[in-house]
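Below you'll find the structure, written out as structure tokens, and then a few comments.
The values are calculated or read from the model by the stated rules, or taken from the named source; none is laboratory data. All of these numbers come straight from a predicted model, not from anything done at the bench. In this analysis, Cβ positions are derived from the backbone assuming ideal geometry, glycine residues included, and neighbour counts consider all displayed protein chains.
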Amino acid sequence: MDEYQIEFEVNSPETPAPCPACGKEMLIGHKECYSCGVIVERFNSIQHERGVKEKVGGIDHLTLEHIKQLEHQWKKLVVNYHDQKAHEEFLGYCFKRQALPYAVHCYSRMMDIDGDDDIASMMRRRAFTMISAPIEGTATPEKKSIVDSRFPFLKWVNWIGIFFSSFCMVSGMMIPQARNLIGLGASFLVIFIALYIFRRKNPSL
């Protein structure tokens with residue numbers, strides 16, 4: 001075999017390569033492995049999706065297409081890394097798709113590369129804040145508004161009860177013959193105040 005033939009063998013597009021699924025040799029350029037029948041491109045995509053979800057966590061609801069879009073948005077951000085608006089847009093993009101853990105992961109990687117990266121540190125903290133905000137602030141008002149809209153009279157019951165209880169106590173203090181109203185009013189006042197506090201802590205009830 002002369003030098004030309006050796007070079008042809010090495011550079012030939014038909015040089016065998018291992019199948020990513022079964023490891024058997026398959027020709028480069030072929031989309032399907034004849035040994036196990038796997039479609040190489042599809043297999044690699046599934047492996048990529050699984051790998052990203054294992055690294056990040058909290059994004060199991062995202063599809064492969066969503067992950068590719070997130071990766072594309074991050075690559076765009078890296079090009080304009082010192083543009084604050086670009087970071088805000090990236091976090092907003094992740095927030096709308098419930099993918100803020102991906103943003104945390106990306107900024108954590110930047111901090112692993114450069115521990116003094118103030119931008120990554122600040123934006124990661126902001127992403128953490130955005131993750132916790134719906135749990136602490138958003139969910140409760142939504143539930144509360146639903147209950148108040150369906151039962152608008154409930155919030156007035158407490159105030160009327162508190163007013164009536166206070167009126168009984170004051171009447172009992174001012175009218176000697178009605179001193180029993182002091183105890184009655186105090187009892188009802190405690191009940192209505194407790195009910196008010198309970199509804200504040202449990203707006204969905």
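Key figures
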item	result
Flag if Ser165 is among the hydroxyl-bearing types (Ser, Thr, Tyr), at pLDDT below 95 and under 30 Å from Ile191 (Cβ atoms)	yes
Criterion: surrounded by 14 or more Cβ atoms within 10 Å (Cβ to Cβ) and modelled with pLDDT of 90 or more - qualifying residue of His87, His82	His87
Residue match in region 20-40 (condition: at pLDDT 75 or above and either touching a His at 6+ places or on another chain (Cβ under 9 Å) or part of a helix (DSSP H, G or I) (or both))	no
Selected residue [over 30 Å from Cys22 (Cβ atoms) and more than 18 Å from the chain's Cα centre (by Cα)] from Tyr81, Tyr107	Tyr81
One residue from Met130, Met111, Met123 being surrounded by 15 or more Cβ atoms within 10 Å (Cβ to Cβ), in contact with a His (Cβ under 6 Å, 6 or more places away or on another chain) and modelled with pLDDT of 80 or more	Met123
